[in-house]
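What follows draws every value from the coordinates through simple rules; no lab data is involved. Please read all numbers here as calculations on a predicted model, not as lab measurements. Ideal geometry is used to build each Cβ from the backbone, glycine not excepted, and the neighbour counts take in all protein chains shown.
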Amino acid sequence: MWQRLYRLWIAHADQLRRELGVVPAEHMLREAQQKLPTLRGRRAVLLTLRRLPDAGARPGTTDRMGEPDRRTGDRPVPGERTPQ
């Protein structure tokens with residue numbers, strides 16, 4: 001989807017400039033030119049987790065995901081990345 005979108009932005013650059021203005025269009029085009037080459041070989045992955053019911057849980061309580069084992073802003077550890 002992103003490859004198609006970025007290619008369309010580049011193909012219709014003049015129309016983007018007319019309809020959005022030069023500055024916003026240039027930001028979009030710069031993004032497209034920077035990101036498009038990095039998308040080759042990537043694939044979307046959907047991960048769904050399901051917790052089995054806990055016999056000791058009270059009805060109506062909401063489960064919460066635990067805090068990550070790293071500080072906000074830290075880079076993911078290699079095991080957290082999906083192989084390309």
- Task: Order the peptides 9-15, 33-39 from the highest to the lowest mean number of other Cβ atoms within 10 Å of their residues.
- Result: 9-15, 33-39
- Message: Starting from 0.36 nm per residue, how many nanometres of slack lie between GLN34 and LEU46 once their C-alpha separation is accounted for?
- Response: 1.8 nm
